[in-house]
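Below is one structure; the comments refer to it alone.
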Amino acid sequence: AQSVTQLDSHVSVSEGTPVLLRCNYSSSYSPSLFWYVQHPNKGLQLLLKYTSAATLVKGINGFEAEFKKSETSFHLTKPSAHMSDAAEYFCVVSVPTGTASKLTFGTGTRLQVTL
Amino acid sequence: DGGITQSPKYLFRKEGQNVTLSCEQNLNHDAMYWYRQDPGQGLRLIYYSQIVNDFQKGDIAEGYSVSREKKESFPLTVTSAQKNPTAFYLCASSQNSNQPQHFGDGTRLSIL
């Protein structure tokens with residue numbers, strides 16, 4: 001069975017300061033891991049994905065995440081927050097099922113960016 | 001421009017009424033999915049389909065039905081048996097089991 005724990009439901013940062021969104025996972029398989037972002041009343045947009053290649057994954061809009069197997073963590077970071085980064089972020093574990101995939105979502109972290 | 005189109009964006013249902021949410025993709029993806037999102041929660045899987053004329057129940061299939069008659073279309077019907085249908089519904093698709101899922105912009109369903 002898979003599970004995802006996002007350790008903070010809400011994070012607030014000032015514009016220009018670093019962002020850290022924390023995620024721990026549990027999986028019976030060697031997982032694929034994703035971070036998605038959701039703006040209000042919108043669908044989910046893929047930020048980045050880890051699929052057992054490099055442990056440091058670079059994504060869109062300056063975000064990156066590091067896969068740490070020993071800590072079962074996949075934290076999302078960005079060196080400098082921008083106002084447009086304010087949104088809900090989801091950490092997701094994916095396992096294959098036939099030709100499809102089954103996703104397990106964390107409960108989300110709402111990122112607030114202040115001036 | 002390839003993507004997933006969900007319609008309508010907002011939908012209202014009367015008590016005892018069935019409603020159908022549309023999902024169309026032009027990404028040529030084999031697999032399609034329906035999720036439900038409630039405030040403060042992650043997404044929960046309702047149904048998914050790996051190929052045409054095939055679909056499987058997800059974690060919360062009760063009160064919902066789907067069909068997959070064409071590769072590009074995967075409509076979801078919310079039946080009167082679904083007692084708490086108010087939610088944000090998201091459709092997704094994927095090329096195969098190793099590729100990420102791509103999401104539409106969702107349909108918000110409310111009860112009158």
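None of the figures in this text is laboratory data; all of them are computed from the coordinates on show. Nothing here was measured: the structure is a model prediction, and the numbers come from that model.
A few comments on the model shown:
- The alpha carbon radius of gyration of the range B:21-72, expressed as a multiple of 2.2 N^0.38 Å, is 1.17.
- Above 30 Å, the calculated P(r) of the protein assembly as shown contains 24 percent of its Cα-Cα pairs.
- Mean Cα-pair separation over length for chain B, i.e. relative contact order, pairs under 8 Å, 6 or more apart, %: 35
- Cα coordinate range in the range A:44-83, projected on the principal axes (Å, largest first): 33, 17, 17
- Semi-axes of the equivalent ellipsoid for the range A:57-115, computed as √(5λ) from the eigenvalues of its C-alpha gyration tensor and ordered from largest down, come to 25, 14, 11 Å.
- Among the listed pairs A:K68/A:K102; A:K58/B:K71; A:K49/B:K71; A:K102/B:K9; A:K49/B:K83, those beyond 29 Å (Cα-Cα): A:K58/B:K71; A:K49/B:K83
- Debye intensity ratio I(q)/I(0), log10, the range B:1-98, q values 0.18, 0.19, 0.21 Å⁻¹ (C-alpha model): -0.81, -0.90, -1.09
- Overall dimensions of the range A:4-90, expressed as equivalent-ellipsoid semi-axes from the Cα gyration tensor (√(5λ), whole Å, largest first), are 22, 14, 13.
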